[in-house]
Amino acid sequence: MHWSTTHVAFILQVVPELAITPIYILKSDETDTEWEPSWMAAFSPLADLQSQGPLESLGLWRGRGICIIVRNDFETWSPRTQAGTLLHEVAHGIEHLNQPDALCPKVNLSPVARELLSGCESEILRDAGIDRNILIRGQHGSEFVRLGFHLYWRARKQVILCPNDLQFLHSIYSLSPERYEDAEAALAYELARSVNLNLLRLRTPPAEFLRLFT
Ligand SMILES: [Zn+2]
């Protein structure tokens, strides 16, 4: 049994609507995708394809899905840091799944995606004039924060967690921590019903929630 099995099971307990999507969790040493020592975990839309070879060797590959890479010392982290970090990356994964053609077959990838698959992501971004910090801020926008709230709301029934464990409020991200209570109030109605909602099919967010991001 791969070490990630119990962690994948935890994710499915929190987000049962992901049951039809393969979920992979690998340590950075188990794959050869780009990795910065300062990162704790990472999700990228192409990480599954970038790790297809190692996943096949481990007997885990079940087709395109959400692939989360974690730092090698993941198993030494506290359970709440493990859970919070994984759910942060799952929020990115769900946000990605909500895009059209999110898990399209390799042959249908766009030229840029193909380039990212074969080259070094940092260099390709730099060549395209993309600032990684601006990119990170853009990747933690209102949709990500909304998903973070739902995952936190659901998971805290199973593990001891606080919002900071999921890192969906942070000075470099788009919702400042001072607005946490306003955001919680704006989402109160849907959070109370979260387990009955499908996070892959959320409706338009409340206007008072979106206003907090302007
Ligand atoms: Zn993130």
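The values are calculated or read from the model by the stated rules, or taken from the named source; none is laboratory data. All values derive from a computational prediction rather than experimental measurement. Please note: Cβ atoms are built from the backbone with ideal geometry, for glycine as well, and neighbour counts cover all protein chains shown.
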Breaking point among (1) of a type in the set (D, E, K, R); (2) at pLDDT below 90; (3) out of contact with any Leu (no Cβ under 8 Å at 6 or more places or on another chain), for ARG132: (3)
Some residue of segment 77-92 being away from the ligand (no atom under 16 Å from the Cβ) and either free of Cβ contacts under 8 Å to residues at least 12 places away in the same chain or under 29 Å from ARG203 (Cβ atoms) (or both): yes
Flag for ALA102 being modelled with pLDDT under 75 and not hydroxyl-bearing (Ser, Thr, Tyr): no
Count of residues meeting criterion [among the charged types (D, E, K, R), more than 16 Å from the ligand (Cβ to nearest atom) and closer than 23 Å to LEU109 by Cα] in segment 4-48: 2
Candidates PRO16, PRO79, PRO37 - the one that is within 16 Å of the chain's Cα centre (by Cα) and of a type outside the set (S, T, N, Q): PRO16
Which numbered condition SER28 misses (of (1) surrounded by 19 or more Cβ atoms within 10 Å (Cβ to Cβ); (2) at positive phi; (3) of a type outside the set (D, E, K, R)): (2)
Qualifying residues in segment 1-22 (those that are farther than 19 Å from PRO79 by Cα and touching a strand residue (DSSP E or B) at 6+ places or on another chain (Cβ under 9 Å)) - the one surrounded by the fewest Cβ atoms within 10 Å (Cβ to Cβ): PRO22
Counted residues, segment 75-89 - those being out of contact with any strand residue (DSSP E or B) (no Cβ under 6 Å at 6 or more places or on another chain) and under 13 Å from SER4 (Cβ atoms): 3
Unique match (being within 14 Å of the ligand (Cβ to nearest atom) and touching an Asp or Glu at 6+ places or on another chain (Cβ under 9 Å)) among GLN139, GLN167: GLN139
Among residues of segment 189-201, those that are surrounded by 13 or more Cβ atoms within 10 Å (Cβ to Cβ) and free of Cβ contacts under 8 Å to residues at least 60 places away in the same chain, counted: 4
